[in-house]
Amino acid sequence: MRNAYVTTGLAAQKHPGLVKVATLEPSTTGLFAAGGQLHTFYGEGTITHADTRFVPHKVPHPKTEQLVKRAPFVDTFHGFLYAAIEYEDDSTVHHYLDNAEKSAIEDAQCPHSSCVIKAASKLFATHNDVVRYCATGNPRNWSLEKDAI
């Protein structure tokens, strides 16, 4: 059988499918659960979700106006979201959503790659064959001597 199973009464039953709970507004992408809410991401303009369970986050490209293509990495770091956001031009930018004026990580040592791991109060990210990491407890600082690089 495909997409079915045998019940305890020996009858064939179709597997239940997913239930659509909402339609996201155009230009939003990514879906990450944290703090009892579902978080989405967008690059330009203003988005307000009709469904209050969804929280939109504006993550503009720091240099150009680009639409968000996907969010390959999102996790919480010290109570705030840290995200690697990929844009339509295939560039990736790291963002720390800690209510600062700019969410994009501006440290030149940040690799801005889609491959990120959180461990030991640090974020680790690859750049070609090099793994870089942020300062302990500070995801905006990727160049602190003897702690990052």
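The values are calculated or read from the model by the stated rules, or taken from the named source; none is laboratory data. The structure displayed is predicted, hence computed values, not measured ones. Cβ placement follows ideal geometry from the backbone for every residue including glycine, while neighbour counts extend to all protein chains displayed. All accessible areas refer to the heavy atoms of the entire protein, side chains included, with ligands and DNA or RNA removed. Shrake-Rupley method; radii C 1.70, N 1.55, O 1.52, S 1.80 Å.
Quick notes
- Single match in Ala108, Ala84, Ala100 (criterion: buried (at least 16 other Cβ atoms within 10 Å of the Cβ), among the small types (Gly, Ala, Ser) and either out of contact with any Lys or Arg (no Cβ under 6 Å at 6 or more places or on another chain) or within 18 Å of Ala34 (Cα to Cα) (or both)): Ala84
- Within the option set Phe54, Phe80, Phe73, being closer than 22 Å to Thr23 by Cβ and among the aromatic types (Phe, Trp, Tyr) holds for one residue only, Phe54.
- Filter pass, Ser143 being over 29 Å from Glu25 (Cβ atoms), open to solvent by 40 Å² or more (accessible area, probe 1.4 Å) and touching a Gly at 6+ places or on another chain (Cβ under 6 Å): no
- Search result, residues across the range 122-140 that are of a type in the set (Gly, Ala, Ser) and either surrounded by 14 or more Cβ atoms within 10 Å (Cβ to Cβ) or under 16 Å from the mean Cα position of the chain (by Cα) (or both): Ala125, Ala135
- Of the residues examined, Arg2 is not one that is open to solvent by 30 Å² or more (accessible area, probe 1.4 Å) and in contact with a Leu (Cβ under 7 Å, 6 or more places away or on another chain).
- On inspection, Thr76 fails the criterion of being polar (S, T, N, Q) and assigned to a loop (DSSP other than H, G, I, E, B).
- Residue under evaluation Arg132, criteria (1) more than 20 Å from Thr46 (Cα to Cα); (2) part of a loop (DSSP other than H, G, I, E, B); (3) at pLDDT below 95, criterion not met: (2)
- Among the residues of the range 30-49, those that are within 24 Å of Phe77 (Cβ to Cβ) and open to solvent by 30 Å² or more (accessible area, probe 1.4 Å) comprise Leu31, Phe32, Ala33, Gly35, Gly36, Gln37, Leu38.
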